[in-house]
Amino acid sequence: MNKAIRQQFPALHQRINGQPLAYLDSAATCQKPAPVVATIQQFYRRDNANVHRAGYTIAARATEQFEQARATVANYFGMPAKNLVWTRGCTEAINLVAFSWAIHHVNAGDLVLVSGLEHHANLIPWQQVCRTKSAELAIIPVLANGELDQQVFQQQLRRRPKLVALTHVSNVLGTINPVAEMVALAHQYEARVLIDGAQAAAHLTLDVAKLAADFYTFSGHKMYGPTGIGGVLMSDEMLAQCQPWQTGGEMVAEVSYQTASWAEPPYCFEAGTPNIAGAIGLASAISFLQQLPDGWQQHEAELLSYAKQRLAAIDGISLIGEPDEQVAVQSFISTKIHPQDLAQYLDQYGVAVRLGKHCAHPLLSALGVAATLRLSLACYSNRQDIDQLVAAIEAAHQDDVDITSLAEAERCDL
Ligand code: PMP
């Protein structure tokens, strides 16, 4: 099964520094299956035109494919097309919620509750909103095993936050948060909830309507689609409460020199020419995901435990975090070699892993580590990728790589 899946990813079949590529950085961005690449190419070769504007044939084709893509992607998440607003990705989707909803609904003295596991994309917009509106930002702490402290979460809910922002899956530790329970609890206290689905969308079966999160954000490139496309799924109620945060073409109903009125949602939140090829490419990635053979999630789970077991057996390697529910991601450090030196060394062996603070500086501080290496898996990953990683780490440990070339603080700000 895995071989047939892997076959569809041209980028995986290359050698790096004379070695087969072991791509273990899918949490940063997934490789793209050939049908996604072909779909994008076909759009530019045959159907390229702007959408929603012209009456000619290829413009109608582009518009139809673009709107069909909205339906395909929204339905994949269990939502109707009209509830999906396209953005450049998850970062822009969270900013959209911050500056089209929160800025109008969070007031002085209000509380915004954010989990301590967050990527900067789901932290800094809330810092900005709270600073602008003189609101309070509180953090749900992370326990040593990489899970959120649910007791503190419940205590903070009693303070009736306006918004709870939390990730579905941690990009550093792979922790799957119990979002269904947390959304239900938050709603009991009338808080609105934003779930950052960036790291969940390629691994978990999702039903955003059932989850009943007020906002659910994602990035296409982390689910086998192209970069520059993503979105936010919003309930009807939230769509009605948001106000456009960017203005210009595409998002209007009527315009005079002095005033303008807005198009219906979701269009009023999509000013300017959208990423048409990106949306169509993402719909193709959704078809790929839907056609994956049964058992691919099990394959990822088995591979993660294989990776953990092999890494834990290496003298001088420590795994970071041990959440009960985890997908696809494992951070680790070597007690012998600085992460940057080790990552460079691994590259010589064709192994691609992420290093640094993973855009989660406060989380790394809370965990008491300056930087980690992170492996992350996808449906195409296999045991050979892991074996290659383990062999390269063992070789690095034996080589006694120089670790004192630069000051640690200088090198870890990634
Ligand atoms: N949230 C999480 C959990 C992420 O892992 C990422 C990307 N690393 C983002 C948000 C931001 O996604 P993007 O850079 O695609 O906007």
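The values are calculated or read from the model by the stated rules, or taken from the named source; none is laboratory data. This structure is a prediction, so every number in the text was calculated from the model and none was measured. Using ideal geometry, Cβ is built from the backbone for each residue, glycine included, and neighbour counts are taken over all protein chains shown. Heads up: the accessible areas ignore ligands, DNA and RNA and are worked out on the full protein's heavy atoms, side chains in. Shrake-Rupley method; radii C 1.70, N 1.55, O 1.52, S 1.80 Å.
Miscellaneous remarks
- Selection from 363, 228, 120 lying farthest towards where the dipole of the chain points positive, charges on Cβ: 228
- Region 267-362: GluC sites (Glu not before Pro) in DSSP loop, at most 16 other beta carbons within 10 Å: 325
- Relative contact order, whole percent, for the chain stands at 23, derived from Cα pairs under 8 Å and 6 or more residues apart.
- Calculated mean residue ellipticity, 222 nm, the chain: -11000 deg cm²/dmol, from DSSP H runs (n ≥ 4) at -39500 (n - 2.57) each, averaged per residue and rounded to 500.
- When only the Cβ of Lys, Arg, Asp and Glu is charged (+1, +1, -1, -1), the dipole of region 265-414 relative to its Cα centre reaches about 240 debye.
- Cα-Cα pairs of region 58-102 separated by more than 18 Å (percent): 41
- Region 257-414, accessible surface, carbon-and-sulfur percent (1.4 angstrom probe): 46
- For residue 148, the residues whose modelled amide H falls within less than 5 Å of its own, excluding neighbours fewer than 5 places apart on the same chain, are 143.
- Extreme residue, positive dipole direction of the chain, given options 296, 41, 94 (C-beta unit charges): 41
- Cα-based equivalent ellipsoid of region 1-154: semi-axis lengths in Å, sorted from largest, via gyration tensor: 37, 28, 13
- For region 52-58, putting each phi into the Karplus relation 6.51 cos²θ - 1.76 cosθ + 1.60 with θ = phi - 60° gives couplings of 6, 10, 10, x, 8, 4, 6 Hz, in residue order, rounded to whole numbers and with x for Gly and Pro.
- Dipole moment magnitude, nearest 20 debye, region 93-208 about Cα centre, only Lys, Arg, Asp, Glu C-beta charged: 380
- Computed from Cα atoms, the angle from the helix 276-291 axis to the main principal axis of the chain rounds to 60 degrees.
- Computed from the alpha carbon atoms alone, the convex hull of region 159-276 holds 132 Å³ per residue.
- Listed cross-link partners 82/210; 3/32; 162/357; 308/336; 82/133; 133/210 are compared with a 20 Å cut-off, the Cα-Cα value being larger for 162/357; 82/133; 133/210.
- Alpha-carbon spread of region 150-199, three principal axes, descending order, Å: 29, 19, 14
- Evaluating kT/(6 pi eta Rh) at 20 °C and 1.002 mPa s, with the Kirkwood radius of the chain over Cα pairs in the Stokes-Einstein relation, gives 95 µm² s⁻¹.
- For the Cα trace of region 261-341, dividing Rg by the Kirkwood Rh returns an Rg/Rh value of 1.23.
- Expressed as a whole percent, the proportion of Cα-Cα pairs in region 231-307 lying more than 21 Å apart is 54%.
- Protein heavy-atom accessible surface, 1.4 Å probe, per residue over the chain: 42 Å².
- What a 1.4 Å probe finds exposed on region 1-83 is 53% carbon and sulfur by accessible area, rounded to a whole percent.
- Contour minus Cα-Cα distance for residue 155 and residue 188 (0.36 nm per residue): 10.6 nm
- For region 27-90, the pair-distance distribution built from all alpha carbon pairs, in bins 10 Å wide starting at 0, is 19, 40, 36, 4, 0 percent.
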